[in-house]
Amino acid sequence: MSNNSNNRPIILTAAGVLAAILAGGGGALLFTSQPNSVVQEPPAIETPAASEAPSDPIASDPIATEKPETPDVAVAPGAGSGVGGPGEGVESIADKDPMILPETADTPSVYWVGADGNQVAFEAEKIALNRNESPADSLTTAIETLLDGEASTAIPTGTELLSLKVEGDDVYIDLSGRFTEGGGTSSMAARMGQVIYTTNTVQPDAQIWLSVDGELLDMIGGEGLIVDQPLTEERFARDFNL
């Protein structure tokens, strides 16, 4: 009976390996186990020799003893935040060094963001505007195009333009509260830059008064970036090129 006792730990160990494989997503296996039974054996029955003992089918099964390899999966930093446009610019610019400040485009454009090495970079995309439209209507088209986020953007998806007014060089833009949600310092600074530079391609001398849900914005982000209004390209380069 000593041989049966020696086989039992091997079976339990192999069963433990099988359970680990199944828990790790291995293929389904079909096997049966024999129920334990109590048999009164006469003294004359001899225990089979160790060489005649049946081999352990689980221990010898390569499917049960070899653990499948787990493929390496690359996860983008900040993935799943739900903030940013289709290009997820808010994630690609996380923890970057100072920005590469763009030049203002000489034609109406919207500004997208991304990364150039370890720096935040802006990219202008020209848009077509109706020359017969008023400055307010033209700027509304540009800002709404920006908020639609057809490329990489730091502006959270779902941000809405609540109102826009142009009075001389003063431009009043009111965005929904979604604009200030999510992202870190680099993201907050980048989204401010997108609004400022996009506005200035339509209104080159604009002084921008930016509100969120009707309240003039004086601070943005959990780190408390000060928003010195009115916003201009010069103030952006001074205050947000972190």
Just one of 110, 171 is β-branched (Val, Ile, Thr), touching an Asp or Glu at 6+ places or on another chain (Cβ under 7 Å), assigned by TED's automatic domain parsing to the domain that holds residue 207 and at pLDDT 90 or above; which is it? 110
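For residues that are farther than 17 Å from residue 191 by Cα and without any contact (Cβ under 8 Å) to a residue 60 or more places away in the chain, scanning just the stretch 120-129, find the one that is surrounded by the most Cβ atoms within 10 Å (Cβ to Cβ).
So in the stretch 120-129, the residues farther than 17 Å from residue 191 by Cα come out as 126-129.
Applying the additional criterion that residues be without any contact (Cβ under 8 Å) to a residue 60 or more places away in the chain yields 126-128.
On the way: 126: 12, 127: 18, 128: 8.
Once the filter is applied, the top-ranked residue is 127.
The values are calculated or read from the model by the stated rules, or taken from the named source; none is laboratory data. Because the structure is predicted, anything quoted here is derived from the model rather than measured. Note that we place each Cβ from the backbone using ideal geometry, even for glycine, and neighbour counts take in every protein chain shown.
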